[in-house]
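Since the structure comes first, as structure tokens, the remarks are kept for the end.
The values are calculated or read from the model by the stated rules, or taken from the named source; none is laboratory data. What you see is a predicted model, and the numbers here were worked out from it, not measured in a lab. Neighbour counts run over all protein chains shown; Cβ positions are idealised from the backbone, glycine included.
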Amino acid sequence: METEERAITPKSVVVDIVNLMNMRTRVTSWEDEEEIHVDVWGDDLGILIGRAGSTLQALQDLVSTIVKRNGQEGRRIVIDVERYKERRRQKLRDYAERMAEKALITRKPISLEPMTPRERKIVHDTIKDVAGVESKSEGEDPERRVVISPA
Amino acid sequence: MEDNNNQPAQEVDMVELLEYLAKALVDSPEMVEVTSVEGERSTILQLRVDPEDVGKVIGKRGRIAQAMRTLIKASATKEGRNAIVEIID
């Protein structure tokens, strides 16, 4: 009745899952004091990302839960597929800059689409570096959104 | 879409995937049982776990059950199928 003594790591769980999904991938991992990152690489991995990253989010939820219940791991587990999150971050920065420009030209506050706390932080960080505008968050989750106004 | 793969295309075993996830989440993996019913375009997967473990495969506000459904559905999509996951308690 003993369970097998195989070390369960974020990487090993991701490898098991993508193999079971019959996807040809390469999985790499790196970690620091706060986070463990697992990156999945390959072709045609759109299915693993899903609409607006929903499948990737599900994968991350499952892997985090599995790893955390099987050990003492307290660090955040971050999974990415073909740098999807990195690319999304860049898009968000570009969008924030365009909206800042619009606020400057129209001299009117601009309310952005609702975002998650992490996404809002990326926008606030971007706006901090743009002269002449400021940003704040308004409303309640999940409708909470960033408003960019001329300073 | 063409798959330039020289291995023969293999079907994703959704039963095996769901079993793997459930066993990794529960305290009594030996009690995990998955059965599947194949329809024309859909597969219904029924997951049974030890009654003590039901909360673990559902998760807070159903988050884990939802995540398993999302992943299983993604695998089904790869095969051009639909999949429904039922947790039997």
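Computed values, structure above
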| item | result |
| --- | --- |
| Near pairs, Cβ below 9 angstrom, 6+ apart or cross-chain, from region A:8-35 (aromatic (Phe, Trp, Tyr)) to any residue that is part of a strand (DSSP E or B) | A:TRP30/A:ILE36; A:TRP30/A:HIS37; A:TRP30/A:VAL38; A:TRP30/A:ASP39 |
| Pick from region B:18-75, criterion basic (Lys, Arg) and at negative phi, ranking: farthest from the chain's Cα centre (by Cα) | B:LYS60 |
| Neighbours by Cβ (under 6 Å, 6+ apart or cross-chain): first from region B:45-59, of a type in the set (Asp, Glu); second crowded, with 18+ Cβ neighbours inside 10 Å | B:ASP53/B:VAL26 |
| Only one of A:ILE66, A:ILE49, A:ILE36, A:ILE79 that is in contact with a Pro (Cβ under 8 Å, 6 or more places away or on another chain) and within 14 Å of chain B (Cβ to nearest Cβ) | A:ILE79 |
| Number of the exception - B:VAL37 against (1) more than 9 Å from chain A (Cβ to nearest Cβ); (2) under 23 Å from A:VAL67 (Cβ atoms); (3) hydrophobic (A, V, I, L, M, F, W, C) | (2) |
| Inter-residue pairs, beta-carbon under 9 Å, first more than 18 Å from A:ILE47 (Cα to Cα) and in region B:1-28, second polar (S, T, N, Q) and at pLDDT 85 or above, 6+ apart | B:VAL15/B:THR35; B:VAL15/B:SER36; B:VAL15/B:THR43; B:ALA24/A:THR65; B:LEU25/A:THR65 |
| Subset of region B:56-77 that is basic (Lys, Arg) and surrounded by fewer than 17 Cβ atoms within 10 Å (Cβ to Cβ) - its residue that is nearest to the other protein chains (Cβ to nearest Cβ) | B:ARG63 |
| Residue within region A:97-105 that is within 14 Å of another protein chain (Cβ to nearest Cβ) and more than 14 Å from the chain's Cα centre (by Cα) present | no |
